[in-house]
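Read through the structure below, which is laid out as structure tokens, and then see the notes.
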């Protein structure tokens with residue numbers, strides 16, 4: 001394995017890949033800190049149009065925490081993305097169906113708010129697209145909370161692969 005190749009790949013999936021999943025990428029990369037260089041964190045959407053930037057409202061909520069979505073461009077979810085990922089985290093249960101239809105292993109595919117078990121299933125991450133600034137703030141708050149919860153599990157996977 002080349003030294004520049006990531007040891008672990010996380011894929012976040014939402015619908016349009018312009019709000020929730022790009023925010024999740026930024027949040028997880030930030031939370032991983034120095035370990036971020038060893039993890040490939042990507043995103044895609046089940047109904048995304050390729051090449052769209054993150055929404056302005058998503059960029060604003062991330063920027064308030066010092067994170068940038070400037071380089072993000074949306075991608076439609078593909079079977080290749082699914083097969084390359086070590087962990088797939090979707091925003092809603094309906095996204096599970098799309099990911100599974102592309103061949104995802106159910107043992108490594110989960111709804112973000114439900115993984116790792118028991119998760120916090122009451123804190124679903126609703127799609128803020130076209131919503132109020134408060135809807136974006138709430139989605140961001142929940143995404144940050146969930147990414148903080150999963151960091152120890154991603155780090156454990158890194159340790160296991162480094163051994």
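Where a number appears in this text, it was derived from the coordinates with a stated rule and is not lab data. Because the structure is a prediction, the values reported are computed rather than measured. Please note: Cβ atoms are built from the backbone with ideal geometry, for glycine as well, and neighbour counts cover all protein chains shown.
Per-structure values
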quantity: Shape of the chain, Cα gyration tensor, a/c cut at 1.5; calculated: rounded
quantity: Cβ crowding within 10 Å averaged over residues, with 117-123, 8-14 ranked highest first; calculated: 8-14, 117-123
quantity: Nearest 10 degrees, 0 to 90: helix 133-162 Cα axis against the chain principal axis; calculated: 0
quantity: Tensor-based shape of region 3-81 (alpha-carbon gyration tensor, a/c under 1.5 rounded, otherwise prolate or oblate); calculated: oblate
quantity: Label-point separation, residue 135 to residue 37 (7 Å along Cα→Cβ), nm; calculated: 4.0
quantity: Region 47-111: C-alpha gyration tensor shape, a/c 1.5 cut-off, then a/b vs b/c; calculated: prolate
quantity: Nearest 10 degrees, 0 to 90: helix 20-32 Cα axis against the chain principal axis; calculated: 50
quantity: Helix-derived mean residue ellipticity, 222 nm - over the chain, DSSP H n ≥ 4, -39500 (n - 2.57), to 500; calculated: -13000 deg cm²/dmol
quantity: Extension reserve of the residue 156-residue 65 stretch, reckoned as 0.36 nm per residue once the Cα distance is removed; calculated: 30.2 nm
